[in-house]
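J.: Starting off with a structure, shown below.
The values are calculated or read from the model by the stated rules, or taken from the named source; none is laboratory data. Keep in mind that what you see is a predicted model, and the values were worked out from it rather than measured. Cβ atoms come from the backbone with ideal geometry, glycine included; neighbour counts cover every protein chain shown.
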Amino acid sequence: MTIGKTKRLSSSRLFGYWMCLPALILFTIFVIYPLFKGFYISLNQWDGFSSMKWNGLKNYGFVFEDPVFWQALKNTFIYAIVSPVLKNVVGLIVALIFVQPIFGSYFFRVCTYIPYTFSYVIVGVLFGWIYNPTFGLLNNFLTAIGAEELIRGWLSDPDIALFSVIMVDVWKCMGFHGVLFMAGLNAIPQDLYEAADIDGAGTLKKFWHITLPQLNSTLVTGFLLAMTGAFVNNYDVVNVMTGGGPFHSTEVAIYTIMTTAFRYSNMGKANAMSTILVIFVAIVGFIQLKVMTRDENYE
Amino acid sequence: MKNYAFRKVMFRIFLYLLMAFFLILTLYPIFWMLSGSLKTESEFFSNVWGLPHNPQFQNYAEAWQRAGLGMKFLNSLLTTGSFLLILIPMNSCAGYALARLSFKGKKIIYNYLLLGIMIPAGVLAMPTFTIVNEMGLLNSRVGLVLVYSGQAISFGMFIMRNYFISLPKSLEEAARIDGSSDFGAFVRIILPLAVPGIVTQVIFSGLANWNEYLRANLLIRSAELQTLPLGMASFANQDTINYPVMFAALAMATAPVIVIYLVCQKTFVKGVSQGAVKG
Amino acid sequence: MKRILFTVLLTVLALSLVFAGGANEEPEKPQVVVMGNARMYEGEEAAWEKVAADFEAETGIEVVLRWQGKWNEVPQNLSTASLAGEKVDLVTVGAGLINSIVARTGLLMDITDLMEPYRDRFGEGMLDSYTIGGRLWGFPYGNSAAGFTYYNKDIFNNLGIEPPTTYEELVEISKTISDAGYIPMIFRGKDETYWSNLFFYAFAQTTMNQPIEKTNDFLTGKRSFSSPEEIEAVNAVVSFFEDGILTSDSLDTNGDGMKAAFLQQKAAMMHTHNFQLLQTDCPDFELGIFEFPIIVEGAYSQPFGGPGTGIAIPSFADRDNLDNTMKFVEFLLRPENADLIIGCYKPVVEVVKGINLVDDPNVQYLNEVMIPKTVPYLDWIWPTEVNAAVCQIIPAVIAGTMTAEEGTEAVQAALERIQRETGYQYDWWNSWTESDWERVTP
């Protein structure tokens, strides 16, 4: 009996490694190796076409004295704080509608997800029209309801352009986050609510003391996705909406990196920027994971 | 009691208003895209928000032919299909091991694999090209699929691990009483419960690569292997974009995704609720 | 059901693996490989296929057409093709890209001598934009353009106003138009790369029609961008806003919005960098065009433009195949074939001689008045970073966040920055070594 157990344990130990192996191999070849290659490129002067020229840490110096990159990092942090909050709040709201046993909630769930499948080309054209000052839907709507004082140059006013872009991202992702939250809501055991009903708890109280705590892991996932997305995955939305303008007010780090690499053909500096960005994101990401995952349920 | 009923009705009305608000936000753009795809080029500009006066159904035929969508559809299906076929088993295994098995270095492996969600894929593009070229996998579907899979591991592994963690501890024990091997227990008992995680990956990663342009453009070098997003480039002229035809093409490219989502999301909900009941 | 799905997916994977590599057998007959961005005009791809088929019927040489990516991704695609050792004989690439990026990288062949016999096949001055450092790096094959202002003749007639020739007249009519409730002039201010276009026109006049010479001086360090002429030009653009010709509507408007505002008759004038509206595009009113007004006494109105789309030979092309390649080039330049392909662009300028121009009332004015005095867009000559800097500072000066002096200094700083960071040198051809030249010589 004892022997059998030891044997199982040791085989199970190896089993864990076997299970991780394929992922480890592919990940190392196609993510970590290119990452190091990118780091190597960052130590060179390279336009992506001719041969590389070694220039040590100079590119990092260039990045540090580039005000646009720092502005972009600042915008990235604003983006990374505002968009996860909004995406999760809106996601939770639509998920709460999804799970109501009312007529049309299934149809609603199906529709909410559709913007997520849209290509950014369509999103860009659509919201370009909506925000347009001359015949845009938004300003016309504000005029119609008599709220002319709210009319803005939604994408041309540097103070609000970044938020206009974030709203588009939130709109596109609300279905995705809604579906995540719905999964979380459905997984909450009903007896918790029944017990609370016996205690005579109100709807808000139940939401606060049962629903939210039970959604912890969904929240962690949702936040982590939205936040890392804000760091590394918002090139498309910025590109189609504003191209970083006006005056770099909507320029996020990944956008600066992509333009430096592919528009200005400065691969060395672009890779230096991305090395810095990766370090930032890794720090923020791990802090966030540490703070938000209170217990490792299965250690 | 009367007060309670009244509040219930008010709550209903509030819910429906909220729903209507969100529905306008999502449905109107779809309607707008479809009606835009049926306009003539000049009508697209002179009549931005309204219905087409004289629907141009031939836009769809033109888009299909001009972007060579037939071949590209097949390529996108093959690429995304094989991508998922590699990704899902790989991530399920890794996610399971990292969630429920105990072995040395587990935490390190987990953090290592998680690094990927912090790395912008666009930045990896040029180095990835060099590596794929060194491996001799340039201009092949295998190369593209492997790159896609490698760079999608982090997110999928994270999702899978989350779901595996939420399953009750007693599952493996039950399997052992059954006399299954480790792997057998995983495949027959645990994996079926992880359907929500799998579907989330299919929807999220599958969709991301269905629309992926940058890496496909670098790694695919011949017309026979081009995917759908590459076909869309033929509409990307700076000054004379023919929006109606482009919208027609995009509508056709998006349609299968929506269909797959409709199919998947039922499984998704079912899987989730089953898991919850059994737990 | 699940099992079926699984089987299908597995088959798909197996099939994809089988078909993946693609056979790479040696071609039996001679081939010319054309690489280029995805064709952008209706019917263009079919036209190329027809010309290729005709060529094969005549010579027995097969033409392989490979279209992929967007027009501005050609440099990247060309470089990856070179790294991957692909066979490419011809590449479609625009004049702007050749000037600002590709030629200096050594990826293109010096085709000065190869093209000598065919120079007379092109319209007057059409090869200029493809000549850098006295050598030819490509040839135009597509449409050409020049910038000007469109106006709505119906609105003008109703208000009893005439197209302006001087700045004062433009200010005058703008007031009339805006009093009548229209936006006087609309411009694509939200598209980051078009602000410099307005700058060109002002700069041409503040330099007394020496914009190209002054730009060369600037890029070779003989002149600072914060010189009086540049500052004056920036201020001239800003005064378009101060004097009510352009309004804040233009700040938030992109290319589509600009077209829509003009076609919906919300704006009476539209400044554009090329010929993008035909009379047939606007059935609701009559379309007119006029030149940029005179803003500096003694200068003349000078348009910017040039044949943007072209063809080049990569420096890594197979030298032994050049004969076949040049046979195809000759074939492409025959009027009947050029007409087939370039005809899809709705051409307004005779880039290749013998093609039929589109039938439009404004084409004649364009060709007679503007094209002869047109010089290349300055953003073809500037490095991308300088253009980006110009496009950033103009709206900033308009918004009042900086002065024109600070703005022009920022542009100068942008040039100095890339000289420091990337070793940018404008006249690269002067410092190329023998082996550099050898690489690009046929």
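J.: Residues B:M135, B:M118: which one is within 30 Å of B:S222 (Cβ to Cβ), within 9 Å of chain A (Cβ to nearest Cβ) and either surrounded by 22 or more Cβ atoms within 10 Å (Cβ to Cβ) or not basic (K, R) (or both)?
T.: B:M135
J.: Next question. Here is a check on your reading of the model: is A:P115 of a type outside the set (F, W, Y), touching a residue at least 60 places away in the same chain (Cβ under 8 Å) and closer than 30 Å to B:A248 by Cα?
T.: Yes, satisfied.
J.: Then there's this: Kindly indicate whether C:F262 is within 11 Å of chain A (Cβ to nearest Cβ), among the aromatic types (F, W, Y) and part of a helix (DSSP H, G or I).
T.: yes
J.: Mind checking whether some residue in the range A:248-255 is closer than 30 Å to A:V125 by Cα, facing chain B (nearest Cβ under 9 Å) and of a type in the set (A, V, I, L, M, F, W, C)?
T.: yes
J.: Just for the range B:94-105: of the residues that are in contact with a helix residue (DSSP H, G or I) (Cβ under 8 Å, 6 or more places away or on another chain) and free of Cβ contacts under 8 Å to residues at least 60 places away in the same chain, which one is farthest from B:G184 (Cα to Cα)?
T.: B:K104
Here's the yes/no breakdown for (1) touching a helix residue (DSSP H, G or I) at 6+ places or on another chain (Cβ under 8 Å); (2) within 11 Å of another protein chain (Cβ to nearest Cβ); (3) surrounded by fewer than 17 Cβ atoms within 10 Å (Cβ to Cβ); (4) part of a helix (DSSP H, G or I):
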position	(1), (2), (3), (4)
C:D54	yes, no, yes, yes
C:E58	yes, no, yes, yes
C:P75	yes, yes, no, yes
C:T80	yes, yes, no, yes
C:V91	yes, no, no, no
C:V102	yes, yes, no, yes
C:D113	no, no, yes, yes
C:R119	no, no, yes, yes
C:M126	no, no, no, no
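J.: Select from the range C:210-244 the residues that are closer than 18 Å to C:P303 by Cβ and surrounded by fewer than 18 Cβ atoms within 10 Å (Cβ to Cβ) and write down the one among them that is nearest to the chain's Cα centre (by Cα).
T.: C:I212
J.: Taking A:L96 as the residue in question, decide whether it is within 14 Å of chain B (Cβ to nearest Cβ), surrounded by fewer than 20 Cβ atoms within 10 Å (Cβ to Cβ) and hydrophobic (A, V, I, L, M, F, W, C).
T.: Details: within 14 Å of chain B (Cβ to nearest Cβ): yes; surrounded by fewer than 20 Cβ atoms within 10 Å (Cβ to Cβ): yes; hydrophobic (A, V, I, L, M, F, W, C): yes.
Considered against the rule, which asks whether it is within 14 Å of chain B (Cβ to nearest Cβ), surrounded by fewer than 20 Cβ atoms within 10 Å (Cβ to Cβ) and hydrophobic (A, V, I, L, M, F, W, C), A:L96 comes out as yes.
J.: Another question about this same structure. Mind counting the residues in the range B:1-42 that are free of Cβ contacts under 8 Å to residues at least 60 places away in the same chain, more than 25 Å from A:G91 (Cβ to Cβ) and surrounded by 16 or more Cβ atoms within 10 Å (Cβ to Cβ)?
T.: Going through the range B:1-42 one residue at a time, the tally reaches 2.
J.: Could I ask something else about it? Could you count how many residues in the range C:390-442 are part of a loop (DSSP other than H, G, I, E, B) and over 23 Å from A:S156 (Cα atoms)?
T.: Residues that pass the stated criteria total 10.
J.: Still on this structure: Among (1) more than 8 Å from every other protein chain (Cβ to nearest Cβ); (2) farther than 17 Å from A:T221 by Cβ; (3) crowded, with 21+ Cβ neighbours inside 10 Å, which single condition is B:G197 missing?
T.: If we test B:G197 against (1) more than 8 Å from every other protein chain (Cβ to nearest Cβ); (2) farther than 17 Å from A:T221 by Cβ; (3) crowded, with 21+ Cβ neighbours inside 10 Å, just (2) comes out false.
J.: Given the conditions (1) more than 7 Å from every other protein chain (Cβ to nearest Cβ); (2) surrounded by 15 or more Cβ atoms within 10 Å (Cβ to Cβ); (3) at pLDDT 85 or above; (4) farther than 30 Å from B:A175 by Cβ, and given that B:I86 satisfies all but one, which numbered condition is not satisfied?
T.: Of (1) more than 7 Å from every other protein chain (Cβ to nearest Cβ); (2) surrounded by 15 or more Cβ atoms within 10 Å (Cβ to Cβ); (3) at pLDDT 85 or above; (4) farther than 30 Å from B:A175 by Cβ, only one is false for B:I86: (4).
J.: Just to be sure, is C:F241 within 14 Å of chain A (Cβ to nearest Cβ), at pLDDT 90 or above, under 23 Å from C:V358 (Cα atoms) and assigned to a helix (DSSP H, G or I)?
T.: no
J.: For the list (1) part of a helix (DSSP H, G or I); (2) surrounded by 19 or more Cβ atoms within 10 Å (Cβ to Cβ); (3) at pLDDT 85 or above, I need the number of the one condition that A:L219 fails.
T.: Failed condition: (3).
J.: Would you confirm whether or not the range A:272-292 contains a residue that is assigned to a loop (DSSP other than H, G, I, E, B), within 11 Å of another protein chain (Cβ to nearest Cβ) and at pLDDT 85 or above?
T.: No.
J.: Output the residues belonging to the range A:232-273 that are out of contact with any Leu (no Cβ under 6 Å at 6 or more places or on another chain), within 25 Å of A:W154 (Cβ to Cβ) and β-branched (V, I, T).
T.: A:V237, A:V238, A:V240, A:V252, A:I254, A:T256, A:T259
J.: Considering each residue of the range C:350-384, count those that are assigned to a helix (DSSP H, G or I), charged (D, E, K, R) and surrounded by fewer than 23 Cβ atoms within 10 Å (Cβ to Cβ), and give that number.
T.: Of the residues in the range C:350-384, 2 are assigned to a helix (DSSP H, G or I), charged (D, E, K, R) and surrounded by fewer than 23 Cβ atoms within 10 Å (Cβ to Cβ).
J.: So, one more: Can you pull out the residues in the range A:34-59 that are surrounded by fewer than 17 Cβ atoms within 10 Å (Cβ to Cβ) and in a helix (DSSP H, G or I)?
T.: Those that are surrounded by fewer than 17 Cβ atoms within 10 Å (Cβ to Cβ) and in a helix (DSSP H, G or I): A:F36, A:F39, A:Y40.
J.: Here is a check on your reading of the model: is B:S102 surrounded by fewer than 22 Cβ atoms within 10 Å (Cβ to Cβ), modelled with pLDDT under 90 and within 8 Å of chain A (Cβ to nearest Cβ)?
T.: Numbers: surrounded by fewer than 22 Cβ atoms within 10 Å (Cβ to Cβ): yes; modelled with pLDDT under 90: yes; within 8 Å of chain A (Cβ to nearest Cβ): yes.
Yes: the conditions hold for B:S102.
J.: Of the residues C:D179, C:D217, C:D256, C:D191, which single one is without any contact (Cβ under 8 Å) to a residue 24 or more places away in the chain and within 22 Å of A:P158 (Cα to Cα)?
T.: Details: C:D179 fails: within 22 Å of A:P158 (Cα to Cα); C:D217 fails: within 22 Å of A:P158 (Cα to Cα); C:D191 fails: without any contact (Cβ under 8 Å) to a residue 24 or more places away in the chain.
Selected residue: C:D256, the only one of C:D179, C:D217, C:D256, C:D191 that is without any contact (Cβ under 8 Å) to a residue 24 or more places away in the chain and within 22 Å of A:P158 (Cα to Cα).
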